[in-house]
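Contents: one structure, followed by commentary.
The values are calculated or read from the model by the stated rules, or taken from the named source; none is laboratory data. Computed from a predicted model, the values in this text were never measured in an experiment. Glycine gets a Cβ as well: all are built from the backbone with ideal geometry, and neighbour counts include every protein chain shown.
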Amino acid sequence: MAKLILWAILIVVAMRSVSRLLHGLLEGAGYTRGNAPQQSVGLVRDPVCGVFVVPGRAISAGTGDATRYFCSETCRRKWLKR
């Protein structure tokens with residue numbers, strides 16, 4: 001009986017893993033269910049090295065319209081020294 005339960009758990013875990021893998025592959029390929037629009041994130045360009053960064057995760061300097069976003073502390077220091 002215990003062997004049957006272990007096999008059932010193994011099958012459920014394997015099916016779940018395959019399902020998650022396929023879902024990830026389809027999502028990565030751009031497939032969406034229904035007509036749901038894809039969410040996009042506005043990126044900003046680092047003025048020092050030119051890398052595009054997400055504003056929420058970037059290091060910033062300045063306020064308001066004069067805010068600059070940087071990919072690293074090194075780029076921010078270079079910008080502030082100029």
- Look through Val41, Val48, Val18 and report the one residue that is among the β-branched types (Val, Ile, Thr), in a helix (DSSP H, G or I) and either in contact (Cβ under 8 Å) with a residue 40 or more places away in the chain or out of contact with any Asp or Glu (no Cβ under 8 Å at 6 or more places or on another chain) (or both). Val18
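Per-residue answers, yes or no, for (1) under 30 Å from Glu73 (Cβ atoms); (2) modelled with pLDDT under 95; (3) outside the structural domain of Trp79 (by TED's automatic domain parsing):
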| position | (1), (2), (3) |
| --- | --- |
| Ala2 | no, yes, yes |
| Ile11 | no, no, yes |
| Glu27 | no, yes, yes |
| Gly50 | yes, yes, no |
- How many residues of the stretch 48-68 are surrounded by 15 or more Cβ atoms within 10 Å (Cβ to Cβ) and closer than 17 Å to Lys81 by Cβ? The answer is 4
